Amino acid sequence: MPDTAVPTVSLLDSLRAVVGDRGLLTDATDTAPYTQDWRRLYKGSTQAVVRPGSTAELAEVVRLCAASGTPVVPQGGNTSMVGGAVPAEDGTEIIISTARLNRIRDMDPADMTLTVEAGVTLKAAQTAAADAGCLLPLSISSEGSAQIGGVLAVNAGGNNTVRYGNARDMVLGLEVVLPDGTVWNGLRRLRKDNTGYCLRQLFVGAEGTLGIITAAVLKLVPQPKEIAVALCAVDGPEAALTLFTRFQAHDAASISAFELMSGLGMSFVLKHIPGAVLPLAEPAPFYVLVELATPRPQAGLRDMLEQVLEQALEDGIVLDAAIAESDAQRAAIWKLREEHSEAQKREGASVKNDVSVPVSKVPAFIREATAACEALMPGVRMVPFGHMGDGNIHFNLEQPVAAEAAWFLAQDHAIMDAVNAVVRKFDGSFSAEHGIGKLKPYMMPDWRGGAELALMQRIKAAIDPVGIMNPGKVLP
Ligand code: MLT
Ligand code: ZN
(Lines give C-alpha, C1' and ligand atoms only; values in the text may rest on other atoms or scores of the structure.)
(Ligands and ions follow the chains in the order given, each with its own letter.)
Protein backbone atom coordinates (compact mmCIF):
# COMPACT_ATOMS: atom_id res chain seq x y z
CA MET A 1 0.00 0.00 0.00
CA PRO A 2 1.36 3.45 -0.83
CA ASP A 3 2.09 5.99 1.87
CA THR A 4 -0.81 8.27 0.96
CA ALA A 5 -2.09 11.71 1.81
CA VAL A 6 -5.06 13.75 0.65
CA PRO A 7 -4.28 14.98 -2.91
CA THR A 8 -2.69 18.42 -2.91
CA VAL A 9 -4.01 21.55 -4.61
CA SER A 10 -1.05 21.47 -6.95
CA LEU A 11 -1.89 17.91 -8.08
CA LEU A 12 -5.47 18.97 -8.74
CA ASP A 13 -4.20 21.97 -10.74
CA SER A 14 -1.95 19.70 -12.80
CA LEU A 15 -4.86 17.32 -13.45
CA ARG A 16 -7.05 20.27 -14.53
CA ALA A 17 -4.36 21.34 -16.95
CA VAL A 18 -4.60 17.90 -18.58
CA VAL A 19 -8.37 17.34 -18.72
CA GLY A 20 -9.72 20.89 -18.59
CA ASP A 21 -12.48 22.19 -16.31
CA ARG A 22 -15.15 19.85 -17.64
CA GLY A 23 -12.91 16.86 -17.04
CA LEU A 24 -12.38 17.50 -13.33
CA LEU A 25 -15.09 17.41 -10.66
CA THR A 26 -14.10 18.62 -7.21
CA ASP A 27 -17.36 19.95 -5.81
CA ALA A 28 -18.79 17.53 -3.22
CA THR A 29 -22.23 17.59 -4.84
CA ASP A 30 -20.72 16.63 -8.20
CA THR A 31 -18.46 13.91 -6.83
CA ALA A 32 -21.04 12.36 -4.46
CA PRO A 33 -22.66 9.96 -6.99
CA TYR A 34 -19.23 8.49 -7.73
CA THR A 35 -18.40 7.74 -4.11
CA GLN A 36 -21.17 5.26 -3.42
CA ASP A 37 -22.13 1.95 -5.03
CA TRP A 38 -25.66 1.40 -6.34
CA ARG A 39 -26.40 -1.12 -3.59
CA ARG A 40 -25.45 1.53 -1.00
CA LEU A 41 -23.19 -0.92 0.80
CA TYR A 42 -20.13 1.32 0.64
CA LYS A 43 -19.69 5.06 0.94
CA GLY A 44 -16.25 6.48 0.28
CA SER A 45 -14.90 9.97 -0.15
CA THR A 46 -12.75 11.72 -2.76
CA GLN A 47 -11.22 15.10 -3.50
CA ALA A 48 -11.74 14.71 -7.21
CA VAL A 49 -13.29 12.73 -10.02
CA VAL A 50 -11.20 13.00 -13.19
CA ARG A 51 -12.98 12.38 -16.49
CA PRO A 52 -10.33 12.14 -19.22
CA GLY A 53 -11.51 12.50 -22.81
CA SER A 54 -8.84 10.30 -24.43
CA THR A 55 -6.40 7.53 -23.66
CA ALA A 56 -3.54 10.04 -23.80
CA GLU A 57 -5.24 12.24 -21.21
CA LEU A 58 -5.99 9.25 -18.98
CA ALA A 59 -2.37 8.11 -19.21
CA GLU A 60 -1.11 11.55 -18.22
CA VAL A 61 -3.56 11.62 -15.29
CA VAL A 62 -2.24 8.28 -14.05
CA ARG A 63 1.36 9.44 -14.54
CA LEU A 64 0.73 12.54 -12.41
CA CYS A 65 -1.02 10.51 -9.70
CA ALA A 66 1.80 7.94 -9.70
CA ALA A 67 4.43 10.67 -9.44
CA SER A 68 2.73 12.07 -6.33
CA GLY A 69 1.92 8.63 -4.85
CA THR A 70 -1.82 9.29 -5.13
CA PRO A 71 -3.93 6.12 -5.40
CA VAL A 72 -6.60 5.95 -8.07
CA VAL A 73 -9.91 4.13 -8.38
CA PRO A 74 -11.04 3.37 -11.93
CA GLN A 75 -14.79 3.66 -12.43
CA GLY A 76 -17.06 2.79 -15.35
CA GLY A 77 -20.83 2.60 -14.91
CA ASN A 78 -20.45 2.05 -11.14
CA THR A 79 -22.64 -1.06 -11.28
CA SER A 80 -20.33 -3.31 -9.25
CA MET A 81 -22.10 -5.75 -6.94
CA VAL A 82 -19.07 -5.94 -4.64
CA GLY A 83 -18.07 -2.29 -4.17
CA GLY A 84 -15.25 -2.61 -6.72
CA ALA A 85 -15.37 1.02 -7.86
CA VAL A 86 -15.84 2.81 -4.52
CA PRO A 87 -12.96 4.88 -3.11
CA ALA A 88 -11.64 4.63 0.46
CA GLU A 89 -13.32 6.67 3.18
CA ASP A 90 -10.27 8.79 4.00
CA GLY A 91 -10.41 10.91 0.84
CA THR A 92 -6.90 9.98 -0.29
CA GLU A 93 -7.98 8.32 -3.54
CA ILE A 94 -8.86 9.98 -6.82
CA ILE A 95 -11.57 8.48 -9.01
CA ILE A 96 -10.80 8.14 -12.72
CA SER A 97 -14.03 7.84 -14.66
CA THR A 98 -13.91 6.23 -18.12
CA ALA A 99 -17.30 7.71 -19.11
CA ARG A 100 -15.90 10.14 -21.71
CA LEU A 101 -13.92 7.43 -23.49
CA ASN A 102 -17.06 6.54 -25.37
CA ARG A 103 -16.13 6.12 -29.00
CA ILE A 104 -16.73 3.09 -31.17
CA ARG A 105 -13.36 2.97 -32.91
CA ASP A 106 -14.03 0.25 -35.46
CA MET A 107 -16.55 -2.37 -36.53
CA ASP A 108 -15.32 -5.01 -38.95
CA PRO A 109 -17.96 -7.50 -40.15
CA ALA A 110 -15.38 -9.58 -42.04
CA ASP A 111 -13.14 -9.99 -39.01
CA MET A 112 -16.26 -10.03 -36.82
CA THR A 113 -14.62 -7.66 -34.37
CA LEU A 114 -15.75 -4.51 -32.61
CA THR A 115 -13.19 -2.07 -31.24
CA VAL A 116 -14.62 0.14 -28.52
CA GLU A 117 -13.37 2.48 -25.86
CA ALA A 118 -13.83 1.66 -22.19
CA GLY A 119 -16.70 4.09 -21.55
CA VAL A 120 -19.03 2.66 -24.21
CA THR A 121 -21.94 1.00 -22.42
CA LEU A 122 -22.43 -2.70 -23.00
CA LYS A 123 -25.83 -1.89 -24.50
CA ALA A 124 -24.28 0.58 -27.00
CA ALA A 125 -21.64 -2.01 -27.94
CA GLN A 126 -24.36 -4.65 -28.48
CA THR A 127 -26.26 -2.19 -30.69
CA ALA A 128 -23.15 -1.36 -32.75
CA ALA A 129 -22.59 -5.08 -33.33
CA ALA A 130 -26.25 -5.67 -34.22
CA ASP A 131 -26.27 -2.75 -36.67
CA ALA A 132 -23.52 -4.56 -38.57
CA GLY A 133 -25.42 -7.86 -38.52
CA CYS A 134 -23.37 -9.44 -35.71
CA LEU A 135 -23.94 -10.36 -32.08
CA LEU A 136 -21.88 -9.36 -29.06
CA PRO A 137 -22.98 -12.31 -26.95
CA LEU A 138 -22.61 -10.79 -23.51
CA SER A 139 -25.77 -9.84 -21.67
CA ILE A 140 -26.11 -8.72 -18.04
CA SER A 141 -28.96 -7.07 -16.18
CA SER A 142 -27.04 -3.77 -15.83
CA GLU A 143 -26.01 -3.56 -19.51
CA GLY A 144 -27.66 -0.15 -20.01
CA SER A 145 -25.23 1.46 -17.54
CA ALA A 146 -22.28 -0.96 -17.26
CA GLN A 147 -19.34 0.18 -19.42
CA ILE A 148 -17.08 -2.12 -21.44
CA GLY A 149 -13.99 -1.22 -19.40
CA GLY A 150 -15.64 -2.28 -16.16
CA VAL A 151 -17.35 -5.28 -17.72
CA LEU A 152 -13.95 -6.58 -18.85
CA ALA A 153 -12.14 -5.54 -15.67
CA VAL A 154 -14.52 -7.75 -13.66
CA ASN A 155 -14.81 -10.48 -16.30
CA ALA A 156 -18.60 -10.25 -16.22
CA GLY A 157 -20.59 -13.40 -16.98
CA GLY A 158 -24.32 -12.96 -17.34
CA ASN A 159 -27.13 -14.69 -19.14
CA ASN A 160 -25.39 -16.27 -22.13
CA THR A 161 -22.34 -17.89 -20.49
CA VAL A 162 -23.92 -21.32 -21.01
CA ARG A 163 -23.39 -20.81 -24.77
CA TYR A 164 -20.68 -18.19 -25.29
CA GLY A 165 -18.57 -18.06 -22.12
CA ASN A 166 -17.65 -15.04 -19.99
CA ALA A 167 -16.33 -11.59 -20.91
CA ARG A 168 -12.76 -12.89 -21.11
CA ASP A 169 -13.76 -15.25 -23.90
CA MET A 170 -14.75 -12.29 -26.06
CA VAL A 171 -11.54 -10.25 -25.81
CA LEU A 172 -9.04 -10.39 -28.66
CA GLY A 173 -7.12 -7.24 -27.79
CA LEU A 174 -6.79 -4.56 -25.12
CA GLU A 175 -5.38 -1.10 -24.64
CA VAL A 176 -4.38 -0.52 -21.03
CA VAL A 177 -2.88 2.37 -19.06
CA LEU A 178 -0.38 0.86 -16.64
CA PRO A 179 0.18 2.13 -13.09
CA ASP A 180 3.11 4.37 -14.14
CA GLY A 181 1.14 5.98 -16.97
CA THR A 182 2.59 3.88 -19.78
CA VAL A 183 0.06 2.94 -22.48
CA TRP A 184 0.17 -0.70 -23.56
CA ASN A 185 -1.39 -0.94 -26.99
CA GLY A 186 -2.40 -4.56 -27.38
CA LEU A 187 -5.37 -3.83 -29.66
CA ARG A 188 -4.74 -6.79 -31.93
CA ARG A 189 -7.65 -8.56 -33.58
CA LEU A 190 -6.00 -11.88 -34.29
CA ARG A 191 -7.68 -15.21 -33.77
CA LYS A 192 -4.25 -16.80 -33.50
CA ASP A 193 -1.43 -14.98 -31.73
CA ASN A 194 0.69 -17.45 -29.81
CA THR A 195 3.44 -15.13 -28.63
CA GLY A 196 4.32 -15.64 -25.00
CA TYR A 197 2.29 -14.70 -21.94
CA CYS A 198 -1.29 -13.74 -22.71
CA LEU A 199 -1.09 -10.29 -21.14
CA ARG A 200 -4.62 -9.18 -21.95
CA GLN A 201 -6.06 -11.94 -19.78
CA LEU A 202 -4.10 -10.57 -16.81
CA PHE A 203 -6.09 -7.35 -16.93
CA VAL A 204 -9.44 -9.07 -17.51
CA GLY A 205 -10.73 -9.96 -14.05
CA ALA A 206 -8.07 -7.90 -12.22
CA GLU A 207 -10.77 -5.35 -11.33
CA GLY A 208 -8.54 -2.37 -12.09
CA THR A 209 -5.81 -3.42 -9.66
CA LEU A 210 -3.16 -3.79 -12.39
CA GLY A 211 -4.05 -1.00 -14.79
CA ILE A 212 -6.97 0.77 -16.44
CA ILE A 213 -8.49 -0.75 -19.58
CA THR A 214 -9.10 2.09 -22.04
CA ALA A 215 -10.18 0.18 -25.17
CA ALA A 216 -10.81 -3.36 -26.34
CA VAL A 217 -11.23 -5.47 -29.46
CA LEU A 218 -14.23 -7.73 -28.91
CA LYS A 219 -14.91 -10.94 -30.75
CA LEU A 220 -18.41 -11.15 -32.25
CA VAL A 221 -20.51 -14.09 -33.40
CA PRO A 222 -23.17 -14.39 -36.12
CA GLN A 223 -26.48 -12.77 -35.23
CA PRO A 224 -29.23 -15.31 -34.50
CA LYS A 225 -31.88 -15.64 -37.21
CA GLU A 226 -34.33 -17.36 -34.90
CA ILE A 227 -34.83 -16.95 -31.15
CA ALA A 228 -37.39 -18.82 -29.07
CA VAL A 229 -38.08 -18.04 -25.41
CA ALA A 230 -40.32 -19.70 -22.85
CA LEU A 231 -41.12 -19.20 -19.19
CA CYS A 232 -41.78 -22.51 -17.44
CA ALA A 233 -43.25 -23.23 -14.03
CA VAL A 234 -41.51 -26.07 -12.18
CA ASP A 235 -41.84 -27.37 -8.67
CA GLY A 236 -38.14 -27.10 -7.80
CA PRO A 237 -34.51 -26.98 -8.94
CA GLU A 238 -34.45 -30.78 -9.51
CA ALA A 239 -37.15 -30.47 -12.17
CA ALA A 240 -35.28 -27.49 -13.64
CA LEU A 241 -32.14 -29.62 -13.95
CA THR A 242 -34.07 -32.43 -15.63
CA LEU A 243 -35.51 -29.92 -18.09
CA PHE A 244 -32.01 -28.59 -18.80
CA THR A 245 -30.68 -32.06 -19.56
CA ARG A 246 -33.61 -32.66 -21.91
CA PHE A 247 -32.80 -29.52 -23.90
CA GLN A 248 -29.15 -30.57 -23.93
CA ALA A 249 -30.02 -34.01 -25.23
CA HIS A 250 -32.29 -32.50 -27.89
CA ASP A 251 -30.05 -29.73 -29.26
CA ALA A 252 -27.43 -28.52 -26.79
CA ALA A 253 -25.93 -26.05 -29.27
CA SER A 254 -29.15 -24.05 -29.48
CA ILE A 255 -29.40 -23.23 -25.74
CA SER A 256 -28.42 -19.57 -25.31
CA ALA A 257 -29.80 -19.04 -21.79
CA PHE A 258 -31.22 -21.23 -19.06
CA GLU A 259 -32.19 -19.17 -16.02
CA LEU A 260 -33.72 -20.23 -12.73
CA MET A 261 -35.96 -18.07 -10.54
CA SER A 262 -37.71 -18.79 -7.26
CA GLY A 263 -41.39 -18.16 -6.56
CA LEU A 264 -40.51 -15.60 -3.89
CA GLY A 265 -38.10 -13.74 -6.17
CA MET A 266 -40.76 -13.62 -8.87
CA SER A 267 -43.33 -12.32 -6.38
CA PHE A 268 -40.97 -9.41 -5.53
CA VAL A 269 -40.69 -8.56 -9.23
CA LEU A 270 -44.48 -8.66 -9.69
CA LYS A 271 -44.93 -6.50 -6.59
CA HIS A 272 -42.27 -3.84 -7.22
CA ILE A 273 -41.69 -3.56 -10.95
CA PRO A 274 -44.31 -1.59 -12.87
CA GLY A 275 -45.63 -3.48 -15.89
CA ALA A 276 -44.36 -6.89 -14.74
CA VAL A 277 -46.96 -9.58 -15.43
CA LEU A 278 -46.73 -13.34 -14.96
CA PRO A 279 -47.77 -14.97 -18.26
CA LEU A 280 -48.90 -18.17 -16.51
CA ALA A 281 -52.20 -19.21 -14.96
CA GLU A 282 -50.83 -19.32 -11.43
CA PRO A 283 -47.66 -18.76 -9.42
CA ALA A 284 -45.23 -21.67 -9.00
CA PRO A 285 -42.48 -22.64 -6.52
CA PHE A 286 -39.78 -22.08 -9.18
CA TYR A 287 -39.49 -20.88 -12.76
CA VAL A 288 -37.15 -21.49 -15.66
CA LEU A 289 -36.54 -19.07 -18.48
CA VAL A 290 -35.17 -20.93 -21.47
CA GLU A 291 -33.89 -19.20 -24.58
CA LEU A 292 -32.91 -21.02 -27.77
CA ALA A 293 -31.17 -19.19 -30.59
CA THR A 294 -29.57 -20.09 -33.89
CA PRO A 295 -27.88 -18.28 -36.77
CA ARG A 296 -29.19 -20.98 -39.13
CA PRO A 297 -32.21 -19.99 -41.22
CA GLN A 298 -35.50 -21.89 -40.85
CA ALA A 299 -34.21 -24.07 -38.06
CA GLY A 300 -37.67 -24.57 -36.58
CA LEU A 301 -36.63 -23.57 -33.06
CA ARG A 302 -40.09 -22.65 -31.88
CA ASP A 303 -41.42 -26.08 -32.81
CA MET A 304 -38.49 -27.73 -31.11
CA LEU A 305 -39.12 -25.70 -27.95
CA GLU A 306 -42.78 -26.64 -28.00
CA GLN A 307 -42.00 -30.31 -28.55
CA VAL A 308 -39.58 -30.52 -25.60
CA LEU A 309 -41.97 -28.61 -23.35
CA GLU A 310 -44.99 -30.73 -24.32
CA GLN A 311 -43.13 -33.89 -23.42
CA ALA A 312 -41.93 -32.32 -20.16
CA LEU A 313 -45.51 -31.29 -19.30
CA GLU A 314 -46.71 -34.80 -20.01
CA ASP A 315 -43.97 -36.24 -17.79
CA GLY A 316 -44.79 -33.83 -14.95
CA ILE A 317 -41.41 -32.06 -15.12
CA VAL A 318 -42.97 -28.78 -16.16
CA LEU A 319 -46.22 -27.60 -14.52
CA ASP A 320 -47.09 -24.91 -17.05
CA ALA A 321 -45.29 -22.92 -19.74
CA ALA A 322 -45.67 -19.80 -21.86
CA ILE A 323 -43.85 -19.46 -25.17
CA ALA A 324 -43.20 -15.91 -26.38
CA GLU A 325 -45.02 -15.28 -29.67
CA SER A 326 -43.52 -11.84 -30.41
CA ASP A 327 -40.48 -9.69 -29.64
CA ALA A 328 -42.60 -7.81 -27.10
CA GLN A 329 -43.56 -11.01 -25.28
CA ARG A 330 -39.95 -12.14 -25.32
CA ALA A 331 -38.84 -8.85 -23.78
CA ALA A 332 -41.63 -9.09 -21.18
CA ILE A 333 -40.43 -12.55 -20.09
CA TRP A 334 -36.81 -11.40 -19.92
CA LYS A 335 -37.89 -8.37 -17.87
CA LEU A 336 -39.22 -10.73 -15.18
CA ARG A 337 -35.71 -12.15 -14.88
CA GLU A 338 -33.65 -9.01 -15.33
CA GLU A 339 -35.53 -7.00 -12.71
CA HIS A 340 -34.77 -9.52 -9.97
CA SER A 341 -31.98 -7.46 -8.39
CA GLU A 342 -33.92 -4.21 -8.53
CA ALA A 343 -37.03 -5.85 -7.03
CA GLN A 344 -34.96 -7.33 -4.19
CA LYS A 345 -33.50 -3.91 -3.49
CA ARG A 346 -36.98 -2.37 -3.28
CA GLU A 347 -38.19 -5.15 -0.98
CA GLY A 348 -35.49 -4.40 1.61
CA ALA A 349 -31.91 -5.24 2.48
CA SER A 350 -30.37 -8.26 0.83
CA VAL A 351 -27.16 -10.20 1.17
CA LYS A 352 -25.90 -11.54 -2.16
CA ASN A 353 -24.00 -14.76 -2.62
CA ASP A 354 -22.81 -14.89 -6.20
CA VAL A 355 -21.57 -18.47 -6.23
CA SER A 356 -21.10 -21.33 -8.66
CA VAL A 357 -21.17 -25.10 -8.40
CA PRO A 358 -21.12 -27.79 -11.08
CA VAL A 359 -24.46 -27.60 -12.91
CA SER A 360 -25.39 -31.11 -11.78
CA LYS A 361 -25.03 -30.01 -8.13
CA VAL A 362 -27.27 -26.92 -8.31
CA PRO A 363 -30.38 -28.60 -6.80
CA ALA A 364 -28.47 -30.17 -3.90
CA PHE A 365 -26.60 -26.92 -3.31
CA ILE A 366 -29.84 -24.89 -3.14
CA ARG A 367 -31.42 -27.43 -0.80
CA GLU A 368 -28.48 -27.56 1.62
CA ALA A 369 -27.66 -23.84 1.54
CA THR A 370 -31.34 -23.05 2.21
CA ALA A 371 -31.34 -25.34 5.25
CA ALA A 372 -28.08 -23.79 6.53
CA CYS A 373 -29.39 -20.23 6.22
CA GLU A 374 -32.77 -21.02 7.78
CA ALA A 375 -30.96 -22.60 10.72
CA LEU A 376 -28.70 -19.55 11.06
CA MET A 377 -31.45 -16.95 10.80
CA PRO A 378 -35.05 -18.04 11.25
CA GLY A 379 -37.40 -15.90 9.17
CA VAL A 380 -34.80 -14.99 6.55
CA ARG A 381 -36.23 -15.03 3.03
CA MET A 382 -34.31 -17.04 0.46
CA VAL A 383 -34.25 -15.77 -3.11
CA PRO A 384 -32.02 -18.11 -5.14
CA PHE A 385 -31.99 -17.35 -8.85
CA GLY A 386 -29.60 -17.01 -11.72
CA HIS A 387 -27.72 -18.66 -14.49
CA MET A 388 -28.52 -22.30 -13.87
CA GLY A 389 -27.20 -23.40 -17.26
CA ASP A 390 -23.65 -22.50 -16.21
CA GLY A 391 -24.00 -23.36 -12.49
CA ASN A 392 -23.95 -19.73 -11.28
CA ILE A 393 -26.61 -19.20 -8.65
CA HIS A 394 -27.26 -15.84 -7.01
CA PHE A 395 -28.06 -17.33 -3.63
CA ASN A 396 -29.48 -14.10 -2.31
CA LEU A 397 -31.13 -13.63 1.07
CA GLU A 398 -33.70 -10.98 1.82
CA GLN A 399 -34.00 -9.63 5.35
CA PRO A 400 -36.66 -11.14 7.63
CA VAL A 401 -39.81 -9.01 7.32
CA ALA A 402 -39.64 -7.52 10.79
CA ALA A 403 -35.84 -7.13 11.00
CA GLU A 404 -33.85 -3.90 10.90
CA ALA A 405 -31.98 -3.57 7.60
CA ALA A 406 -28.76 -2.47 9.35
CA TRP A 407 -28.89 -5.39 11.77
CA PHE A 408 -29.43 -7.81 8.90
CA LEU A 409 -26.58 -6.40 6.79
CA ALA A 410 -24.25 -6.62 9.78
CA GLN A 411 -24.72 -10.41 9.65
CA ASP A 412 -23.39 -10.61 6.09
CA HIS A 413 -20.15 -12.42 6.93
CA ALA A 414 -21.94 -15.06 9.00
CA ILE A 415 -24.43 -15.60 6.16
CA MET A 416 -21.78 -15.72 3.43
CA ASP A 417 -19.67 -18.10 5.51
CA ALA A 418 -22.64 -20.45 5.99
CA VAL A 419 -23.39 -20.45 2.25
CA ASN A 420 -19.73 -20.81 1.33
CA ALA A 421 -19.39 -23.91 3.50
CA VAL A 422 -21.98 -25.57 1.26
CA VAL A 423 -20.33 -24.15 -1.89
CA ARG A 424 -17.05 -25.74 -0.80
CA LYS A 425 -18.72 -29.07 -0.22
CA PHE A 426 -19.77 -29.09 -3.88
CA ASP A 427 -16.38 -27.88 -5.18
CA GLY A 428 -17.78 -24.52 -6.20
CA SER A 429 -16.52 -20.93 -6.23
CA PHE A 430 -17.22 -18.15 -3.72
CA SER A 431 -17.48 -15.61 -6.56
CA ALA A 432 -18.83 -16.70 -9.91
CA GLU A 433 -19.27 -13.50 -11.92
CA HIS A 434 -19.39 -10.45 -9.65
CA GLY A 435 -15.72 -10.52 -8.70
CA ILE A 436 -14.05 -9.77 -5.38
CA GLY A 437 -14.16 -5.96 -5.07
CA LYS A 438 -14.19 -4.63 -1.54
CA LEU A 439 -16.64 -7.22 -0.28
CA LYS A 440 -14.68 -10.45 -0.64
CA PRO A 441 -10.89 -9.89 -0.31
CA TYR A 442 -11.12 -11.36 3.20
CA MET A 443 -12.17 -14.67 1.66
CA MET A 444 -9.12 -14.90 -0.60
CA PRO A 445 -6.64 -16.49 1.86
CA ASP A 446 -9.13 -19.19 2.72
CA TRP A 447 -10.09 -20.00 -0.87
CA ARG A 448 -7.04 -19.05 -2.90
CA GLY A 449 -4.31 -19.11 -0.24
CA GLY A 450 -0.87 -20.66 -0.64
CA ALA A 451 0.84 -20.62 -4.03
CA GLU A 452 -2.14 -19.13 -5.85
CA LEU A 453 -2.53 -16.01 -3.73
CA ALA A 454 1.25 -15.61 -3.42
CA LEU A 455 1.49 -15.61 -7.21
CA MET A 456 -1.25 -12.99 -7.49
CA GLN A 457 0.58 -10.83 -4.94
CA ARG A 458 3.83 -11.13 -6.89
CA ILE A 459 2.08 -10.13 -10.11
CA LYS A 460 0.55 -7.13 -8.35
CA ALA A 461 3.91 -6.11 -6.90
CA ALA A 462 5.61 -6.45 -10.30
CA ILE A 463 3.07 -4.39 -12.25
CA ASP A 464 2.01 -1.90 -9.57
CA PRO A 465 4.99 -1.73 -7.16
CA VAL A 466 3.78 1.47 -5.47
CA GLY A 467 0.27 0.06 -5.07
CA ILE A 468 -1.70 2.98 -6.52
CA MET A 469 -4.22 0.98 -8.58
CA ASN A 470 -7.56 0.42 -6.87
CA PRO A 471 -6.12 -0.31 -3.42
CA GLY A 472 -8.08 -2.53 -1.06
CA LYS A 473 -9.78 -4.44 -3.87
CA VAL A 474 -9.30 -8.13 -4.78
CA LEU A 475 -6.21 -8.84 -2.67
CA PRO A 476 -6.47 -8.93 1.11
C1 MLT B 1 -28.17 -10.87 -12.21
O2 MLT B 1 -27.81 -11.87 -12.83
O3 MLT B 1 -29.28 -10.35 -12.36
C4 MLT B 1 -27.21 -10.28 -11.19
O5 MLT B 1 -25.92 -10.71 -11.51
C6 MLT B 1 -27.63 -10.79 -9.88
C7 MLT B 1 -27.67 -10.33 -8.47
O8 MLT B 1 -28.38 -9.41 -8.10
O9 MLT B 1 -27.08 -10.98 -7.58
ZN1 ZN C 1 -25.95 -12.68 -12.70
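The values are calculated or read from the model by the stated rules, or taken from the named source; none is laboratory data. A quick note: this is a predicted structure, and the numbers were derived from the prediction, not measured. As a convention, Cβ positions derive from the backbone with ideal geometry for all residues, glycine included, and neighbour counts pool all protein chains shown. Just the protein is used for accessible areas: all its heavy atoms, side chains included, with ligands, DNA and RNA removed. Shrake-Rupley method; radii C 1.70, N 1.55, O 1.52, S 1.80 Å.
One table, with the values for the structure above:
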| item | result |
| --- | --- |
| Residue match in the stretch 225-247 (condition: open to solvent by 10 Å² or more (accessible area, probe 1.4 Å) and without any contact (Cβ under 8 Å) to a residue 24 or more places away in the chain) | yes |
| Test: residue in the stretch 276-293 that is open to solvent by 20 Å² or more (accessible area, probe 1.4 Å) and under 30 Å from residue 424 (Cβ atoms) | yes |
| Odd one out for residue 317, checked against (1) more than 22 Å from the chain's Cα centre (by Cα); (2) surrounded by fewer than 17 Cβ atoms within 10 Å (Cβ to Cβ); (3) modelled with pLDDT of 95 or more; (4) not charged (D, E, K, R) | (2) |
| Given (1) of a type in the set (S, T, N, Q); (2) farther than 13 Å from residue 213 by Cα; (3) at pLDDT 95 or above; (4) open to solvent by 30 Å² or more (accessible area, probe 1.4 Å), number of the condition residue 113 does not satisfy | (4) |
| Answer residue from the stretch 153-183, given it is of a type in the set (A, V, I, L, M, F, W, C) and more than 16 Å from ligand 1 (Cβ to nearest atom) and is farthest from residue 65 (Cα to Cα) among those | 170 |
| Selection count, the stretch 121-138, where residues are open to solvent by less than 20 Å² (accessible area, probe 1.4 Å) and not hydrophobic (A, V, I, L, M, F, W, C) | 1 |
| Complete set of residues in the stretch 60-74 that are in contact with a strand residue (DSSP E or B) (Cβ under 7 Å, 6 or more places away or on another chain) and open to solvent by 10 Å² or more (accessible area, probe 1.4 Å) | 74 |
| Helices (runs of 4 or more DSSP H) completely within the stretch 120-165 that count 1 or more residues being more than 10 Å from the chain's Cα centre (by Cα) and more than 16 Å from ligand 2 (Cβ to nearest atom) | 122-131, 148-153 |
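Every residue, every condition in (1) without any contact (Cβ under 8 Å) to a residue 60 or more places away in the chain; (2) in contact with a helix residue (DSSP H, G or I) (Cβ under 8 Å, 6 or more places away or on another chain); (3) among the hydrophobic types (A, V, I, L, M, F, W, C), yes or no:
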| residue | (1), (2), (3) |
| --- | --- |
| 382 | no, yes, yes |
| 395 | yes, yes, yes |
| 418 | yes, yes, yes |
| 423 | no, yes, yes |
| 464 | no, no, no |
